[in-house]
Amino acid sequence: MTGRVVVVGLGPGPRNTVTDATLQAIAAIPHQFLRTRRHPTADLLPHAESFDHLYETLPTFDEVYSTITETLVAAAHQHGEVLYAVPGSPLLLETSVSQLRQDNRVEVQVLPAMSFLDLAWDALVIDP
């Protein structure tokens with residue numbers, strides 16, 4: 001059985017930047033993981049398993065992201081589908097998401113989200 005990982009972004013911080021698609025996925029998928037609880041909207045997933053401990057116990061970021069990927073793949077196979085929430089946009093500077101997307105052991109669905117860059121461009125009145 002191939003498992004599925006649904007990746008959502010929690011936006012850049014303000015609650016109003018979390019998309020409806022992300023909120024619907026959070027409500028629909030019971031097995032949830034968070035890359036980190038150190039984000040203003042992480043409280044939307046009060047029962048999610050956080051990977052914060054890996055940053056404190058593993059010696060390199062490569063090992064952290066590899067462990068996250070392996071944990072999510074195993075959970076997806078066990079439960080059929082899991083949710084993985086990351087700060088900001090899952091498509092911007094998220095090594096674990098890149099690794100998941102390249103892993104042929106699971107199906108990965110990424111729900112786009114607003115990034116911190118969107119807020120910066122708005123504040124600086126920049127059209128990228």
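The values are calculated or read from the model by the stated rules, or taken from the named source; none is laboratory data. If you're wondering where the values come from, they're calculated on a predicted model, not measured in any experiment. These area figures cover heavy atoms from the full protein model, side chains too; ligands, DNA and RNA do not enter into them. Shrake-Rupley method; radii C 1.70, N 1.55, O 1.52, S 1.80 Å.
Of V106, V97, V86, which has the largest mean-square fluctuation in a 10 Å C-alpha GNM of the chain? So, out of V106, V97, V86, the one fluctuating most is V106. Across the chain, the mean sequence separation of Cα contacts (distance under 8 Å, 6 or more residues apart), normalised by length, yields a relative contact order of 42 percent. Could you pull the accessible area for L91 with a 1.4 Å probe, rounded to 10 Å²? Only protein atoms counted, so the area is about 100 Å². Computed extension gain for R15 through D103, at 0.36 nm per residue and net of the alpha carbon distance, reaches 28.6 nm. Amide H contacts of E81 (H built 1.01 Å from N, in plane; Pro and chain starts excluded): R4 sit under 5 Å, all sequence-distant by 5 or more or on other chains.
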